[in-house]
Amino acid sequence: MYRLNLPQYDIKIRENHGRYDILDILRRKYVALTPEEWVRQHFIHYLIEHKGYPAAYLTNEIELKSGVKRLRCDSVLYDTSLRPRMIIEYKAPSIELKQNVFDQISTYNLLLHVDYLIVSNGMQHYCCKMDYDNQKYLFLRDIPEYKNL
């Protein structure tokens, strides 16, 4: 797999009928090891181990419904009242983070109305804080620590 611009962690991988699976600590099961999943697992560990995010408030693969259309957020952070606070969208390291990726996460945010959006391909990470009162957003220099949200 790819070397990412994220800290290493104790990765759990297993072979499963000729393919590889990686342990998703949030879903508590092994899932197919794809380039996007590689990024997701590294990023989740980064948030928990380096930024102080509680694993209990993070979830992966959250299904949303918009009319008859079904959407899926890669990861969502909730607050202590279980209100969505952050949406995180992952792409494979080979995928450029262009406008279409930001459009995708913005579509999810129309339904969840969170405070923070993060997009990462494992090499580049973008985080913005929403300002709904002024109808704009502010790109942050770094991913905030949980205690500073």
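Quick notes
- Theoretical FRET efficiency, 1/(1+(r/R0)^6), r = Cβ-Cβ of ARG28 and ILE95, R0 25 Å, to 0.05: 0.35
- Formal net charge of residues neighbouring HIS113 (Cβ-Cβ distance under 12 Å; K, R +1; D, E -1): +1
- Here the Gaussian network model covers the chain, with springs between Cα atoms less than 10 Å apart; of ARG83, ARG72, ARG19, ARG19 fluctuates the most.
- Each Lys or Arg adds one and each Asp or Glu takes one away; over the other residues whose Cβ falls under 10 Å from the Cβ of LEU64, this sums to +3.
- Proximal charge balance of LEU97 [Cβ under 14 Å; K/R count +1, D/E count -1]: -3
- Whichever lysines have a C-alpha closer than 20 Å to that of LYS51, once near sequence neighbours (fewer than 8 apart) are set aside: LYS129, LYS147
- Net charge dipole, the range 19-94: roughly 260 debye, given to the nearest 20, about the Cα centre with Cβ charges of +1 for Lys and Arg and -1 for Asp and Glu.
- Taken as Cα centroids, the range 76-131 and the range 30-63 sit 13 Å apart, rounded to the nearest whole angstrom.
- Here the chain has 48 percent of its accessible surface on carbon and sulfur atoms, given a 1.4 Å probe and all protein chains in place.
- Computed over the chain, the per-residue total of -39500 (n - 2.57) for DSSP H runs of n ≥ 4 gives a 222 nm mean residue ellipticity of -7000 deg cm²/dmol, rounded to 500.
- Relative counts (whole %) of C-alpha pair distances in the chain, using bins that are 5 Å wide: 2, 9, 19, 23, 22, 15, 7, 3, 1, 0, 0
- Extreme residue, positive dipole direction of the chain, given options TYR137, HIS113, GLY52 (C-beta unit charges): HIS113
- Computed about its Cα centre, the charge dipole of the chain is approximately 220 debye, with only Lys, Arg, Asp and Glu carrying charge at their Cβ.
The values are calculated or read from the model by the stated rules, or taken from the named source; none is laboratory data. Just so it is clear, the structure is predicted and the values come from calculations on it, not from any experiment. Glycine also receives a Cβ, built like all others from the backbone with ideal geometry; neighbour counts cover every protein chain displayed. Each accessible area value is taken on the protein alone, full model and side chains, heavy atoms only, with ligands, DNA and RNA left out. Shrake-Rupley method; radii C 1.70, N 1.55, O 1.52, S 1.80 Å.
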